[in-house]
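Working notes, structure below.
The values are calculated or read from the model by the stated rules, or taken from the named source; none is laboratory data. Since we're looking at a predicted model, the values are computed, not measured. All Cβ positions, even for glycine, are placed from backbone atoms using ideal geometry, and neighbour counts span all protein chains on display. Just so you know, the surface numbers come from the protein's heavy atoms only, side chains and all, with ligands and any DNA or RNA stripped out. Shrake-Rupley method; radii C 1.70, N 1.55, O 1.52, S 1.80 Å.
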Amino acid sequence: MITIRSYTVYHSPNSYIGSILAERALAKLSGAGVAFAIERRPIYIPRDRGVKVADLVGGRETTRHGSYHREDCRRWADKHGIELRLLPPGVFEERAERWRQSPLDREELPARAYYAAAGSGKEALLDRALFRAAWVEGLDVNEESVVRHAAAAAGLDPDELMDAALRDDSKQKLIAGRADFEQDGCPGVPTWVVDGERFWGKDRVDWLVDKVRERATGSLVRRRDAW
């Protein structure tokens, strides 16, 4: 079984688009008989790192970079038929101020909810619902009401999920996920890791698929040699 670690941030349009593209492409491999498992690792941004993904990895995003990224995400969404509602100017900044005042770090609550749902059989549905809430419905996934909304959309009990998300074991899984992100040397999100090799960005999905296909072919050859 090939393991693919997938690092994302829910309020990242690149993570949203990349996750959909990877899911589509990898589904074709699955249909061709390639066995793999995706370990989703949604991460959070500790307040001592700032509020942006660029802050998390020690970088900076200028106004020009931000403007270009918006254009680029729109082009990618249009090209691949992905629903996308970008935030109006100023909304991110308003939300960032709320995040600074919240007792939870940015993206902590939705990520904890995902880890709490792991093993339920509906965690992938919750993952999609959280991304959809952020990038189709235009909602702030750091708000408890939005996480509850996504839980219901995924067929989970919102009260039970929130109780589980706020338990210490979910917090520990959250911390472990970000520790893995750091240990794997991820330069940003989305990043997929296969056998220690990193694929960063929505424009690296094809390379990710090539790696999984190559790994599957190599495994098959080794099994035949063993025969």
(request) Quickly run through the stretch 1-36 and pick out the residues that are touching a strand residue (DSSP E or B) at 6+ places or on another chain (Cβ under 8 Å), assigned to a helix (DSSP H, G or I) and surrounded by fewer than 18 Cβ atoms within 10 Å (Cβ to Cβ). (result) Leu29, Ser30
(request) Mind listing just one residue for me: the one in the stretch 178-212 that is open to solvent by 60 Å² or more (accessible area, probe 1.4 Å) and within 16 Å of the chain's Cα centre (by Cα) and, of those, nearest to Tyr10 (Cα to Cα)? (result) Trp200
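Looking at Asp72, is it surrounded by 12 or more Cβ atoms within 10 Å (Cβ to Cβ) and acidic (Asp, Glu)? Walk me through how you get there before you give the answer.
Working: surrounded by 12 or more Cβ atoms within 10 Å (Cβ to Cβ): yes; acidic (Asp, Glu): yes.
Yes; evaluated as a whole, the condition is true for this residue.
Does the stretch 125-149 hold any residues that are in a helix (DSSP H, G or I) and open to solvent by less than 40 Å² (accessible area, probe 1.4 Å), and which are they?
Within the stretch 125-149, the subset in a helix (DSSP H, G or I) is 125-135, 144-149.
Within the stretch 125-149, Leu126, Asp127, Ala129, Leu130, Phe131, Ala133, Ala134, Trp135, Val146, Val147 meet the criteria.
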(request) Determine which single condition Leu166 fails, assuming it passes every other condition in (1) more than 27 Å from Phe92 (Cα to Cα); (2) open to solvent by 80 Å² or more (accessible area, probe 1.4 Å); (3) in contact with a Lys or Arg (Cβ under 9 Å, 6 or more places away or on another chain); (4) not acidic (Asp, Glu). (result) (1)
(message) Just the residues that are open to solvent by 70 Å² or more (accessible area, probe 1.4 Å) and either in contact (Cβ under 8 Å) with a residue 40 or more places away in the chain or among the small types (Gly, Ala, Ser) (or both), please, taken from the stretch 77-124.
(response) Glu83, Arg85, Arg98, Arg100, Gly119
(request) Would you point out the residue of the stretch 37-59, among those that are open to solvent by 20 Å² or more (accessible area, probe 1.4 Å) and assigned to a strand (DSSP E or B), that is farthest from Leu174 (Cα to Cα)? (result) Ala37
(request) Please give the helices (runs of 4 or more DSSP H) falling wholly within the stretch 150-227 in which 1 or more residues are at pLDDT below 95. (result) 205-226
